[in-house]
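We did not get these values from a lab; they are worked out from the coordinates using the rules stated. Not measured: the values here are computed from a predicted model. Glycine gets a Cβ as well: all are built from the backbone with ideal geometry, and neighbour counts include every protein chain shown.
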Amino acid sequence: MYIWTLFKKDLLLEVRQQYTFYGVLLYVASTTFVLYLSMGEPEGTVWKGLFWMMQLFICVNAVAKSFLQEGRGRLLYFYSIAGARDFILSKLLFNALLMLLMSLVSLLLFLLMLGDPLPNPFSFVLLSCLGGVSLSLVFTFLAAIAARAQQGAALMAILGFPLIIPQLLLLNKVSTIAFADVVQNSLGGMIGLLCALDAMTIVLAVILFPFLWKD
């Protein structure tokens, strides 16, 4: 099992280079500040929509390039030392951790600059972490397909639109329930459905990526 070894490789590269983290951090801080100058402290519905829109762009910038930055020679080297499933699982794990951190940072900046309209802060923190991980799983899988097809961001955008829209709608629905003053019974079912979609994405990646890897 080379999952942990490949995960540590990505982590060490990120710690040494840090361009992704600081670049996305600058993007989040500057965009949130512009929103604050333009809108002040928006109402809860607008706040929620802006937050998930920010999460989507953060995921595209931070996660989607994980496969696109791997050269053909480096992929050939990984192919010779590790299996396809270990490689894709290490990418999924690393990007999920990266997006989890980015979600917490963006949520903190939103709360500091755009106010705190959350009636249940703890529930929304958990939801933002789960939503960030969900987006990272989808875009990691899409980035793997786009990289192996050698079409880059264009193919990822074409494939990503029909896949990410249902997930964003589900996240928005769960957020609406989480914004309610009273925790509703349907919240648990919606979160369970979101977790099921995450599990399905992981299973599809593990099943399909070996066929892409052989090409």
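Stretching the chain fully between LEU12 and MET53 yields a gain of 11.8 nm (0.36 nm per residue, less the alpha carbon separation). Note on ALA199 and THR5: the model spin-label points, each 7 Å out from Cα along the C-beta direction, lie 3.1 nm apart.
Starting from the coordinates of the alpha-carbon atoms of the stretch 84-145, obtain the Kirkwood hydrodynamic radius over all distinct pairs and give the value in Å to one decimal. Evaluated on the stretch 84-145, it is 12.6 Å. Note on ASP116 and LEU163: the model spin-label points, each 7 Å out from Cα along the C-beta direction, lie 3.7 nm apart. Label sites at LEU212 and LEU26, each approximated as a point 7 angstrom past Cα along Cα to Cβ, lie 2.9 nm apart. Cα-based radius of gyration for the stretch 5-123, normalised by 2.2 N^0.38 Å, reads 1.28.
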